[in-house]
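Worksheet for the structure shown next.
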Amino acid sequence: MSEDLWEAPLDNQPTGTTLPGDPEAERILVATAMARPAIVDELAMTGFDPADITDDRYRWVWFAVEHLADSFKQGEIRYLAVDRQLQAWRADGRIASVPLTELQLTDLYNHAQPGSEGWYADRITLKAAAARTVAHGHNAILRGKSAAFDPDQDIAALQGELDGVIRATVQDDTSLIGDLLPDVLERAITPPTHADRIPTGFMDLDEVLNGGWAPGQLVVVGARPAMGKSTIGVGFVRAAAITNKIPSLFESLEMSKGELGTGIVAAEAQVALHHMKRGIVAEDPSATQRMARAAQKMAAAPLRISDGALLSLPALRARVRNLVRTAGLRLLVVDYLQLMQAPAAESRQVAVSALSRGLKLLAKEFSITVIVLAQLNRGPEQRTEKKPMVSDLRESGAIEQDADIVILLHREDAYEKESPRAGEADLILGKHRGGQTCTITTAFQGHYARFVDMAQT
């Protein structure tokens, strides 16, 4: 067999830097697929992607074997059948390049090595990851040299692309029910430790949530404007980071770092927020003492605050990935969803749906709790009963679908100043995947920029 047949250039030979590859491994793997077609399905279950086969001719042979496998239930698929399939696709215009000839397929068939396909598939996958790394590097150079280089957009995009260099493997993770029973029965008789839970700052809410927020959860807190959704969001990170020393991140798209810092000190020290803003706290010696004690406690808190006006999913994902690795981040609060930079989409509803889905995937991927504050539409104000409902979530029903927990914030005195419930606020648990729904009553202390527990447990 002449080597020229194998080294002949492809119709669309790429130019420039040669990317890593292993032609010999590709040749042997494709030949083995002809000899034992079952490996096509077997390797698919391990995550092998035929797109990683760099030689277009070999890749089409693989697709032909995959196509013919149902017709050849047992045994091998001879080169004659593969040749007929390739020629049919070529005649239909499906194959743009020149496929292997019958003579080349005959020689290819002799390279089969059944039993070693896993090793060769791993070699191809490794080389493909190396090739994507090289390509990513060239893309980074081009972006960096561009006159239109934008650190916020380009670096975030490059980080997102880098995540795709290594493709996730697909394993057969099915289990027999009998294999699951021992762990299920053990958990049923063993009280949970709640070691992985994040306290919410409200005893009744912790009780309903089995100890607090769980890793991987997307929590949506919805409210109409001026109800205090930023205040409750800050309250959740205060409980996590300041009270319980749990690494947390607060992403504010509405308030500045200075405003948030002022509110947090007011809440922790029980100092009137309007006195702090006017700079007259020194007139009350006890207030300055409380501020000093609170500042000492807050100084060591693992709480980070960002107030960037523009926040996209790629940029947020890059920041979360870094903080999970370097600081052990466990809680993220975003204030608020509708102010995030949405991806391009045919409608605002589709764009917001993409944001909510992206935040849920972020929570699952990094095993953190993501709390996102969201605006409600005018539904509550148009009803006699002003209490909000889950359907009032603005712009996207997908928010409700993606969320594990939906909490609706409601204060009667926001609508009726003389309400007998003045100073009270309801946390309406409108959705709780895998748990009960209810209403938790808290006290709203706006002058201290906080909600206070009114536990009836």
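The values are calculated or read from the model by the stated rules, or taken from the named source; none is laboratory data. Given the structure is predicted, the values throughout are model-derived calculations rather than measurements. FYI the Cβ positions are ideal-geometry reconstructions off the backbone, even for glycines, and counts take in every protein chain you see.
From the list ALA398, ALA455, ALA443, ALA422, which one is modelled with pLDDT of 85 or more and either in a loop (DSSP other than H, G, I, E, B) or not hydroxyl-bearing (Ser, Thr, Tyr) (or both)?
Values: ALA398 fails: modelled with pLDDT of 85 or more; ALA455 fails: modelled with pLDDT of 85 or more; ALA422 fails: modelled with pLDDT of 85 or more.
Checking each option against the conditions leaves just ALA443.
Taking the criterion of being among the small types (Gly, Ala, Ser), without any contact (Cβ under 8 Å) to a residue 60 or more places away in the chain and assigned to a loop (DSSP other than H, G, I, E, B), would at least one residue in segment 239-246 satisfy it? Checked segment 239-246: no residue is among the small types (Gly, Ala, Ser), without any contact (Cβ under 8 Å) to a residue 60 or more places away in the chain and assigned to a loop (DSSP other than H, G, I, E, B).
Please find, within segment 362-408, the residue that is surrounded by the fewest Cβ atoms within 10 Å (Cβ to Cβ) out of those that are in contact with a strand residue (DSSP E or B) (Cβ under 9 Å, 6 or more places away or on another chain), among the basic types (Lys, Arg) and under 19 Å from ASP426 (Cα atoms). The residue in question is LYS387.
Condition first: at pLDDT 80 or above, in a strand (DSSP E or B) and of a type in the set (Phe, Trp, Tyr). Can you find one or more residues in segment 407-415 that meet it? So far as segment 407-415 goes, no, none of its residues is at pLDDT 80 or above, in a strand (DSSP E or B) and of a type in the set (Phe, Trp, Tyr). Taken together, the residues in segment 155-173 that are at pLDDT 70 or above and not in a helix (DSSP H, G or I) amount to 1. Within the span defined as segment 323-336, one or more residues are charged (D, E, K, R), closer than 27 Å to PRO302 by Cα, out of contact with any helix residue (DSSP H, G or I) (no Cβ under 7 Å at 6 or more places or on another chain) and assigned by TED's automatic domain parsing to the domain that holds LEU393. ALA38 meets all of the listed conditions (1) surrounded by fewer than 16 Cβ atoms within 10 Å (Cβ to Cβ); (2) within 29 Å of the chain's Cα centre (by Cα) but one, namely (2).
Only residues that are in contact with a helix residue (DSSP H, G or I) (Cβ under 6 Å, 6 or more places away or on another chain) and farther than 18 Å from ARG238 by Cα: list them for segment 179-216, please. Full working, then the answer.
Kept after step one, since they are in contact with a helix residue (DSSP H, G or I) (Cβ under 6 Å, 6 or more places away or on another chain), are these residues of segment 179-216: 198-201, 212, 216.
The one that is in contact with a helix residue (DSSP H, G or I) (Cβ under 6 Å, 6 or more places away or on another chain) and farther than 18 Å from ARG238 by Cα: GLY216.
Here VAL334, VAL324, VAL320, VAL281 are screened, and the one residue that is surrounded by 19 or more Cβ atoms within 10 Å (Cβ to Cβ) and farther than 18 Å from LEU373 by Cα is VAL281. Scanning segment 90-149 for residues that are farther than 28 Å from ILE39 by Cβ and basic (Lys, Arg) yields ARG143, LYS145.
State which residue is farthest from LEU376 (Cα to Cα) when the search covers only segment 202-225 and only residues that are part of a helix (DSSP H, G or I) and aliphatic (A, V, I, L, M). Steps first, answer last, please.
Restricting attention to segment 202-225, the residues satisfying the condition of being part of a helix (DSSP H, G or I) are 203-208.
Okay, now just the ones that are also aliphatic (A, V, I, L, M), so 203, 205, 208.
Details: MET203: 26, LEU205: 22, VAL208: 24 Å.
Among those that are part of a helix (DSSP H, G or I) and aliphatic (A, V, I, L, M), it is MET203.
Summed over segment 425-457, residues that are touching a helix residue (DSSP H, G or I) at 6+ places or on another chain (Cβ under 7 Å) and of a type in the set (Asp, Glu) total 1.
Comparison of GLY144, GLY93, GLY160, GLY137 shows that the only residue that is in contact (Cβ under 8 Å) with a residue 40 or more places away in the chain and over 22 Å from ASP41 (Cα atoms) is GLY160.
Scanning segment 319-360 for residues that are touching a strand residue (DSSP E or B) at 6+ places or on another chain (Cβ under 9 Å) and without any contact (Cβ under 8 Å) to a residue 40 or more places away in the chain yields GLN341, ALA342, PRO343. When you scan segment 137-152, do you find a residue that is outside the structural domain of SER312 (by TED's automatic domain parsing) and at pLDDT below 80, even just one? Yes, because at least one residue in segment 137-152 is outside the structural domain of SER312 (by TED's automatic domain parsing) and at pLDDT below 80.
Every condition in (1) without any contact (Cβ under 8 Å) to a residue 60 or more places away in the chain; (2) in contact with a helix residue (DSSP H, G or I) (Cβ under 9 Å, 6 or more places away or on another chain) holds for SER286 except the one numbered (2). Of all the residues in segment 337-350, those that are surrounded by fewer than 19 Cβ atoms within 10 Å (Cβ to Cβ), assigned to a helix (DSSP H, G or I) and of a type outside the set (S, T, N, Q) number 3.
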